[in-house]
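Presented below is the structure to which this report refers.
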Amino acid sequence: MVLVIEYLNLFVSLCPCILFPLPMKLVERILDYCEISKSFKNHAQSIGFVPTMGFLHKGHLSLVRRAREENDVVIVSIFVNPTQFGPNEDFEKYPRDLERDVDLLEKEGIDIVFVPSVDEIYGRDRSRPVPTCKHLINCLCGKSRHGHFKGVCQIVSKLFDIVKPNRAYFGQKDYQQFLVIREMVKDLKLNTEVVMCPIIREKDGLAMSSRNVYLAEEQRRAALVLYRMLKEARCRGGIYAFPTKDIVEYCKKEIENQPLVTLDYFEIRNAKDLSKVKTFDCPVVIAGAIKVGETRLIDNILVGYRG
Ligand code: AMP
């Protein structure tokens, strides 16, 4: 009987939310978020969280939709995190349009957009959890963007601490980031499931990215060489079983021959631990990074990966 009354109480308290969804809240202060989120915990509602740097596109929105499907409440953060940018990178000019982002998120029916300032997040605390997974952070993007993944772990651990999500959603586009965060969550013994979502592409195959707005028409066309070579590598390794060394050599040359494009890296690695591989006899990630003008773009393809 007591249980029935408990359930009735819960149903009555949730009823207004189900019948009349509450408007999305824009929250800037950590304390305000904590206050609002008390009611989620009281009603045992699951929290889905999508951390972003804003200037949202369909890739971000695919994560938001997945979070919406799998959770009772959805929180999206918009925070351009200074500590993951190097001194010569584009932190200052990273594209921002909060008004447009808020409009898009409102249409997705999310519950809270969390938009803290740098001071609100870091204050005087500049401590960083040191990622223990050195094998994951010292290669690919970690090699060319020194300190990048330390900054990523710092902000994501802080945001997880505030939001306390049951599930957090990340894109395969940043596959190395996904692996690093999943490892960090294990290390810190956090109770958050880290979910990876597929890469959303433009019609011509270019991976969607906030940075694509920097590209002029001609640069945009040139940038397609990266995805073309990722597919070529998949075909040469997966179907023809060529050694990865030969595949990488061929693809690098093709990218380097493309005017307007500078190659950062093109590699084929074990999808589980990012170790080097000689053939495609285990799940692999084919990953590349290029610079087109001043714009750095990354992309990857997984082969034989089952999650
Ligand atoms: P960002 O705002 O660039 O930090 O990205 C926020 C999240 O969106 C990260 O988990 C990214 O991996 C993900 N994301 C970015 N671009 C795409 C895309 N084209 N498809 C799917 N997810 C993406």
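Throughout, read-outs are computed from the coordinates displayed, never taken from laboratory work. What you see is a predicted model, and the numbers here were worked out from it, not measured in a lab. Neighbour counts run over all protein chains shown; Cβ positions are idealised from the backbone, glycine included.
Structure notes:
- Among ILE78, ILE30, ILE199, the residue with the largest mean-square fluctuation in a Gaussian network model of the chain, with springs joining Cα atoms closer than 10 Å, is ILE30.
- Mean-square fluctuations from a GNM of the chain, with a 10 angstrom spring cutoff on Cα atoms, peak among ASP90, ASP111, ASP103 at ASP103.
- Karplus (6.51, -1.76, 1.60) ³J(HN,Hα), θ = phi - 60°, over segment 105-119, in Hz, Gly and Pro reported as x: 5, 4, 5, 7, x, 7, 9, 9, 9, 9, 10, x, 7, 4, 5
- Helix-only mean residue ellipticity at 222 nm for the chain, each DSSP H run of n ≥ 4 adding -39500 (n - 2.57), per residue, nearest 500: -13000 deg cm²/dmol
- Note on the chain: dipole from Cβ charges, positive end direction compared against ILE137, VAL73, TYR214; the farthest Cα belongs to ILE137.
- Value of relative contact order over segment 142-194, rounded to a whole percent, pairs C-alpha under 8 Å and six or more apart: 39
- Taken about its Cα centre, the chain carries a charge dipole of about 960 debye when Lys and Arg each add +1 at the Cβ and Asp and Glu each add -1 at the Cβ.
- Taking the Cα centre of segment 214-307 as reference, the dipole from Cβ charges on Lys and Arg (+1) and Asp and Glu (-1) amounts to some 300 debye.
- In this structure, the amide hydrogen of GLY171, modeled 1.01 Å from its nitrogen in the peptide plane, lies closer than 5 angstrom to those of CYS197, counting only residues at least 5 positions away or on a different chain.
- Segment 152-307: relative contact order as a whole-number percent, Cα under 8 Å and 6+ apart: 19
- Rg/Rh (Cα only; Kirkwood hydrodynamic radius) as it applies to segment 118-245: 1.03
- Residues in segment 44-58 carry Karplus couplings, in order, of 6, 7, 7, 10, x, 10, 10, x, 9, 9, x, 6, 5, 9, 5 Hz; the curve used is 6.51 cos²θ - 1.76 cosθ + 1.60 with θ = phi - 60°, and Gly or Pro positions show x.
- If you model segment 21-77 as an ellipsoid using its alpha carbon gyration tensor, with each semi-axis the square root of five times an eigenvalue, the axes come out at 20, 15, 9 Å, biggest first.
- Relative intensity, log₁₀ I(q)/I(0), of the chain from a Debye sum that treats every alpha carbon as a point, q = 0.06, 0.08, 0.15 Å⁻¹: -0.23, -0.40, -1.24
- The number of Lys pairs in segment 33-179 with C-alpha atoms less than 26 Å apart, excluding pairs fewer than 8 positions apart on the same chain, is 29.
- Rel. contact order, % - alpha carbon contacts under 8 angstrom, at least six apart, the chain: 16
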